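Once you've had a glance at the structure underneath, I'll fire off some questions.
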Amino acid sequence: MRRRSLLLAAVPAGLVTLAACGDDKSESSKASASPSPSASTPQPKIVEGPLPAITAGTKFGEKPTVAKGPGEPSKNLAVKTVIPGSGRTIAENDFIQANYLGQIWSTAKVFDNSYDRNRPLVIQLAQGSIIDGWRYAIAGKKVGSRIELAVPPELGYGKSGNPQAGIKGTDTLVFVIDLMDSFNSKSSAQGKPVPQTDAALPKVGTNTDGKAPEITVPKSAPPKKLVSTYVLQGDGDEIKANQTVLCQFKAVVWDGGKTFQQTYGSGRLSQFSLEQMQQAVKGLAEGLTGKKVGSRVLVVVPPELGYGDNPPSGGAVKKGSTLVFSVDILAAM
């Protein structure tokens, strides 16, 4: 079974999903996959230490080895920038992409790390979606930084701890985090434009300013088969069918070109697993599989791979509608 991060508190409300879209305000209903932390706490006092030494894997991106905690930990949140970054400043409610290692202060027992999975964590830095120790420690840091933190129980998993991970309710947790990237509702794909020469397909705008691209649908009949093609081609890894993607998107119906759902202007991004999307809009999942992170992709979905004869009620999508998506693939996990 694929292991999930222990850091997740719950999938954050406010993620747009396509599973039951009737308009562009739908929210994620994906179930929590890991233990919840204690209830959100007020802004804690942040101190510089004490913190254990990083004894190996000292470069950004390398899996670190961390010593046992030196003596008693602080009762406050201890945070240190080990390697300063020069990227954009991360704000609360941004999504972050990060590699990390977590261990217990008193024993140096590693309970979770993303380096071995070779899949960085992608998660929103928001109340209710991640442990508060991370939320308060990361806000204000720059992309490209490595930080180390010691999280007291009340900013981690609280009095209940996490028995499955061997974390007691009294344990202080130590993390080393490599902040690889961040995204927000103004993010766009930054790939290179690809010529759009097929007159039988919709034309998609190539703006990268975080605003919705224009989608111009031809007046001709829609294609009968699934179409997936680059508008902007990124240079990231190709997405696998078992991954979760973070994206901006705009979706219109072929007949009339009316928008039926989008993230642009909502203040939110969309995060969904391709496996789950197979059950909602199969053609979208198939159209994104194999495409590169950092790309804008045009996906034209025929009815039998979309909603078919069971469209969401009250919206622009009707029985037999062909769907047109412009998707900016920001990250994948």
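The values are calculated or read from the model by the stated rules, or taken from the named source; none is laboratory data. This structure is a prediction, so every number in the text was calculated from the model and none was measured. Heads up, the Cβs are rebuilt from the backbone with ideal geometry, glycines too, and the neighbour counts pull from every protein chain shown. For the accessible areas, the whole protein counts, side chains as well, though only heavy atoms, and no ligand, DNA or RNA atoms are used. Shrake-Rupley method; radii C 1.70, N 1.55, O 1.52, S 1.80 Å.
State all residues of the stretch 213-225 that are assigned to a loop (DSSP other than H, G, I, E, B) and in contact (Cβ under 8 Å) with a residue 60 or more places away in the chain; if no residue qualifies, say none.
Those that are assigned to a loop (DSSP other than H, G, I, E, B) and in contact (Cβ under 8 Å) with a residue 60 or more places away in the chain: PRO213, VAL217, PRO222, PRO223, LYS224, LYS225.
Take the residues of the stretch 77-89 that are more than 16 Å from GLU148 (Cβ to Cβ) and either in contact with a Lys or Arg (Cβ under 6 Å, 6 or more places away or on another chain) or not in a loop (DSSP other than H, G, I, E, B) (or both): which is least open to solvent (accessible area, probe 1.4 Å)? Before the answer, list the steps.
Narrowing the stretch 77-89 to residues more than 16 Å from GLU148 (Cβ to Cβ): 86-89.
Within this subset, residues satisfying the condition of being either in contact with a Lys or Arg (Cβ under 6 Å, 6 or more places away or on another chain) or not in a loop (DSSP other than H, G, I, E, B) (or both) are 87, 89.
Details: GLY87: 26, THR89: 69 Å².
Only one residue tops the list, namely GLY87.
Still on this model: If I filter the stretch 213-224 for residues that are open to solvent by 40 Å² or more (accessible area, probe 1.4 Å), under 20 Å from the mean Cα position of the chain (by Cα) and closer than 24 Å to LEU269 by Cβ, do I get at least one hit?
No, the stretch 213-224 has no match at all.
Separate question: Report yes if ASP198 is more than 24 Å from GLN261 (Cβ to Cβ), open to solvent by 30 Å² or more (accessible area, probe 1.4 Å) and of a type in the set (Asp, Glu), otherwise no.
Values: more than 24 Å from GLN261 (Cβ to Cβ): yes; open to solvent by 30 Å² or more (accessible area, probe 1.4 Å): yes; of a type in the set (Asp, Glu): yes.
Judged against the criteria, ASP198 is a match.
Might you check whether a residue that is open to solvent by 30 Å² or more (accessible area, probe 1.4 Å), in contact with a strand residue (DSSP E or B) (Cβ under 8 Å, 6 or more places away or on another chain) and basic (Lys, Arg) occurs anywhere in the stretch 110-129?
For the stretch 110-129, residues open to solvent by 30 Å² or more (accessible area, probe 1.4 Å), in contact with a strand residue (DSSP E or B) (Cβ under 8 Å, 6 or more places away or on another chain) and basic (Lys, Arg): absent.
Sticking with this one: Hey, which of the strands (runs of 3 or more DSSP E) in the stretch 243-308, taking only ones fully inside, have at least 3 residues that are open to solvent by less than 30 Å² (accessible area, probe 1.4 Å)?
Working: elements: 244-253, 259-262, 270-273, 296-301.
In the stretch 243-308, 244-253, 270-273, 296-301 are the strands (runs of 3 or more DSSP E) which contain 3 or more residues that are open to solvent by less than 30 Å² (accessible area, probe 1.4 Å).
Then there's this: Need pairs with beta-carbon distance below 6 Å; first residue farther than 20 Å from PHE272 by Cα and polar (S, T, N, Q) and within the stretch 226-241, second open to solvent by 20 Å² or more (accessible area, probe 1.4 Å) and not in a strand (DSSP E or B); sequence gap 6+ or separate chains.
From the stretch 226-241, the pairs are GLN233/VAL194.
Could you identify the single residue in THR229, THR206 that is in contact with a strand residue (DSSP E or B) (Cβ under 8 Å, 6 or more places away or on another chain) and either open to solvent by less than 10 Å² (accessible area, probe 1.4 Å) or part of a strand (DSSP E or B) (or both)?
Matching residue, one of THR229, THR206: THR229.
Still on this structure, I have one more. Under 7 Å by Cβ, and 6 or more places apart or on different chains, what pairs join a residue from the stretch 109-124 that is farther than 12 Å from ALA165 by Cα and among the hydroxyl-bearing types (Ser, Thr, Tyr) with one that is at pLDDT 95 or above and open to solvent by 60 Å² or more (accessible area, probe 1.4 Å)?
Sorted first by the residue in the stretch 109-124, then by its partner, the pairs are TYR115/LYS63.
Let me ask you something else. State all residues of the stretch 98-109 that are under 24 Å from the mean Cα position of the chain (by Cα) and either surrounded by fewer than 21 Cβ atoms within 10 Å (Cβ to Cβ) or closer than 12 Å to GLY61 by Cα (or both); if no residue qualifies, say none.
Filtering the stretch 98-109 for residues under 24 Å from the mean Cα position of the chain (by Cα) gives 98-103.
Those that are under 24 Å from the mean Cα position of the chain (by Cα) and either surrounded by fewer than 21 Cβ atoms within 10 Å (Cβ to Cβ) or closer than 12 Å to GLY61 by Cα (or both): ALA98, ASN99, TYR100, LEU101.
Now for a separate question. If you check every pair at least six apart or on different chains, which have Cβ atoms under 7 Å apart with a residue in the stretch 40-63 that is touching a residue at least 24 places away in the same chain (Cβ under 8 Å) and among the charged types (D, E, K, R) first and a residue that is surrounded by fewer than 12 Cβ atoms within 10 Å (Cβ to Cβ) and not in a loop (DSSP other than H, G, I, E, B) second?
Hits for this filter: zero, empty list.
Do we have any residue at all in the stretch 137-150 that's without any contact (Cβ under 8 Å) to a residue 12 or more places away in the chain and surrounded by fewer than 16 Cβ atoms within 10 Å (Cβ to Cβ)? Quick ask: steps written out before the conclusion?
Here is the first cut: in the stretch 137-150, the ones without any contact (Cβ under 8 Å) to a residue 12 or more places away in the chain are none.
No - not one qualifying residue is present in the stretch 137-150.
Can you spot a residue in the stretch 163-173 that is closer than 26 Å to ILE329 by Cβ and modelled with pLDDT of 95 or more?
No, the stretch 163-173 contains no residue that is closer than 26 Å to ILE329 by Cβ and modelled with pLDDT of 95 or more.
Same structure, new question: Count, please, the residues in the stretch 318-332 that happen to be open to solvent by 10 Å² or more (accessible area, probe 1.4 Å) and either closer than 30 Å to MET180 by Cα or aliphatic (A, V, I, L, M) (or both). Working first, answer last.
Initial filter on the stretch 318-332 (open to solvent by 10 Å² or more (accessible area, probe 1.4 Å)): 318-322, 330, 332.
Right, trim to either closer than 30 Å to MET180 by Cα or aliphatic (A, V, I, L, M) (or both) and you get 330, 332.
Of the residues in the stretch 318-332, 2 are open to solvent by 10 Å² or more (accessible area, probe 1.4 Å) and either closer than 30 Å to MET180 by Cα or aliphatic (A, V, I, L, M) (or both).
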